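Heads up: the structure comes next, in structure tokens.
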Amino acid sequence: MATKRYKRDFKALEQRRRKAAHLLARGMKQADVARKLCVSRQSVSMWAKALEIDQQAWRRKPLGYQPGLGQAQRKRLCKLLLRGAQAYGFATDLWTLRRIAQLIEQEFGIAYGRTNVWLLLKALGFSCQRPTGRATQRDESAIQQWQHKRWPMLKKKPAEREEPFSLSTRPG
């Protein structure tokens with residue numbers, strides 16, 4: 001049996017929180033507010049604690065999915081990424097998920113977690129690229145010379161024994 005999915009009415013939720021704030025300010029008990037508004041006692045308790053800190057707490061947006069970057073912002077993000085990480089003050093030109101999240105928050109004011117940055121990049125057509133890990137000033141001839149001449153001299157060799165030994169435990 002399929003369950004119905006209801007869209008949240010954020011305005012109605014805010015009105016309920018505002019009404020609860022009004023009732024609590026008039027001195028009504030939390031349990032009575034919960035019964036009157038048909039909500040849980042835990043919800044009223046959380047609202048009451050928030051109202052103690054800030055009288056406008058009922059205005060806050062409820063938790064849930066918040067829309068991210070729009071289409072125009074995504075295009076702008078692509079352009080920003082193509083400039084390279086050093087253009088934004090990072091030590092290297094390597095983009096990491098953490099660096100991209102910092103850039104998005106700095107440029108657009110939206111906080112993204114690393115997983116969501118990964119999903120966003122994937123949706124934009126970017127793929128994971130790993131650096132080769134080789135230095136640009138790498139000298140292949142010096143490496144070959146070291147491997148063939150110096151390494152064999154440094155490599156440990158088994159010690160020479162005067163008499164042969166056996167791993168057998170049987171008397172011989």
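Bear in mind these aren't lab numbers, they're just calculated from the coordinates by the rules spelled out. Predicted model, so just to flag it, every value in this text is computed and none were measured. All Cβ positions, glycine included, derive from the backbone under ideal geometry; neighbour counts span all protein chains shown.
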field: Estimated vicinal HN-Hα couplings, Hz - segment 100-106 in sequence order (Karplus 6.51, -1.76, 1.60; Gly, Pro = x)
entry: 5, 4, 5, 4, 4, 5, 5
field: Where N is the number of residues in segment 10-59, Cα Rg divided by 2.2 N^0.38 Å
entry: 0.98
- prompt: What's the extension gain from TRP118 to ARG41 if we count 0.36 nm per residue and subtract their Cα-Cα distance?
  reply: 23.8 nm
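Quick one: plug the Kirkwood hydrodynamic radius of segment 71-123 (C-alpha pairs) into Stokes-Einstein at 37 °C, 0.692 mPa s, and report D in µm²/s.
On the way: Rh = 11.1 Å.
It diffuses with D of about 295 µm²/s by this estimate.
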- prompt: Near LYS11, which lysines are there with a Cα under 22 Å away, not counting those fewer than 8 places off in the same chain?
  reply: LYS19, LYS36, LYS49, LYS61
field: Most to least packed among 47-55, 98-106 [average Cβ atoms within 10 Å]
entry: 98-106, 47-55
- line: With label points set 7 Å from each Cα along the Cα-to-Cβ direction at ALA135 and ALA87, the distance between them in nm comes to 3.0 nm
